[in-house]
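Asks: The following block contains the structure, expressed as structure tokens.
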Amino acid sequence: MRGARLRSIAILASALTVVTGGMGISAAHAVGTPLAPPAIYPANTWQGKGTAVVRVLDRLDAHVDVIAIPVGTTAHYKSLDITAGRCLERPKTLSPDAAGWLELHDTHPDGAVFKGWMLAAEPGLGVFESAVYDVRMVRCEGNDVAPAAPPLPTPAVPVLTQPAAPAPPAGGDGMGGDAAPQGPAPAGKSTPPASPEYGGEY
């Protein structure tokens, strides 16, 4: 029973040696294929669209409506006038977002007025301060208009360089280099006398 177990352990160890040795050889001779990085638009790139989509909440009756407003026109929701000046969206390679230049006017006496940019991903940057309505930018849609996103840049394929071969070990006796030669002292240099100052006997 013990002999069979030892033979099994020996067979398993031999198999692991063969497998790991083969993996080491294949990894040492593996050659990678360089690939170009993905094409990405610059962070400040926007694409113009022909229609702005906004969501309007009437706080008095909790009614919500989603309104599509062609750029350059004015839509009406109850006592609220909404004019879309521009609508921009991020290209596909960037984080999704939409920005609309909106003019809002509540026609009630002393109604709130807003004129500026609203961003879909950051609604807190452009707020219509109205006690009656809440307006949020949702998205842009429709045909592409100016400004147009430029063509995607073509990334360059990186060039892989083979690592340099390791330098051969320095020759010698294996103790950190050749030993200093033994021989007589160079001419013109006298040997110090065997005195107490130089380790001699008293």
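Asks: Among the residues of segment 122-130, are any of a type in the set (A, V, I, L, M) and within 19 Å of residue 64 (Cβ to Cβ)?
Replies: Looking for residues that are of a type in the set (A, V, I, L, M) and within 19 Å of residue 64 (Cβ to Cβ), one finds at least one in segment 122-130, hence yes.
Asks: Note down all Cβ pairs under 6 Å where the first residue falls in segment 128-146 and is farther than 15 Å from residue 60 by Cα, the second is of a type in the set (Asp, Glu) and in a strand (DSSP E or B), and they're at least six residues apart or on different chains.
Replies: 140/89
Asks: Among the residues of segment 129-151, what is the count of those that are more than 11 Å from residue 54 (Cα to Cα), open to solvent by less than 60 Å² (accessible area, probe 1.4 Å) and in a strand (DSSP E or B)?
Replies: 2
Asks: Which of the residues that make up segment 109-128 are open to solvent by less than 90 Å² (accessible area, probe 1.4 Å) and either assigned to a helix (DSSP H, G or I) or closer than 16 Å to residue 76 by Cα (or both)?
Replies: 111, 112, 114, 123, 124, 128
Asks: Further question on the same structure: State whether the residues of segment 102-121 include one that is of a type outside the set (Ser, Thr, Tyr), without any contact (Cβ under 8 Å) to a residue 40 or more places away in the chain, under 30 Å from residue 155 (Cβ atoms) and in contact with a Ser or Thr (Cβ under 8 Å, 6 or more places away or on another chain).
Replies: Looking for residues that are of a type outside the set (Ser, Thr, Tyr), without any contact (Cβ under 8 Å) to a residue 40 or more places away in the chain, under 30 Å from residue 155 (Cβ atoms) and in contact with a Ser or Thr (Cβ under 8 Å, 6 or more places away or on another chain), one finds at least one in segment 102-121, hence yes.
Asks: Please enumerate the residues belonging to segment 69-105 that are open to solvent by 70 Å² or more (accessible area, probe 1.4 Å) and in a strand (DSSP E or B).
Replies: Those that are open to solvent by 70 Å² or more (accessible area, probe 1.4 Å) and in a strand (DSSP E or B): 76, 86, 101, 103, 105.
Asks: Counting just the residues of segment 59-68 that are surrounded by fewer than 13 Cβ atoms within 10 Å (Cβ to Cβ) and in contact (Cβ under 8 Å) with a residue 24 or more places away in the chain, which one comes out farthest from the chain's Cα centre (by Cα)? Spell out the reasoning first.
Replies: As a first pass, look at segment 59-68 and keep what is surrounded by fewer than 13 Cβ atoms within 10 Å (Cβ to Cβ): 59-66.
Keeping just the survivors that are in contact (Cβ under 8 Å) with a residue 24 or more places away in the chain gives 59-60, 66.
Working: 59: 41, 60: 45, 66: 35 Å.
Across segment 59-68, the extreme among qualifying residues is 60.
The values are calculated or read from the model by the stated rules, or taken from the named source; none is laboratory data. Small disclaimer: the values here were computed from a predicted structure and weren't measured. Cβ: placed from backbone, ideal geometry, glycine included. Neighbour counts: every protein chain shown. With ligands, DNA and RNA removed, areas are computed over all heavy atoms of the protein, side chains included. Shrake-Rupley method; radii C 1.70, N 1.55, O 1.52, S 1.80 Å.
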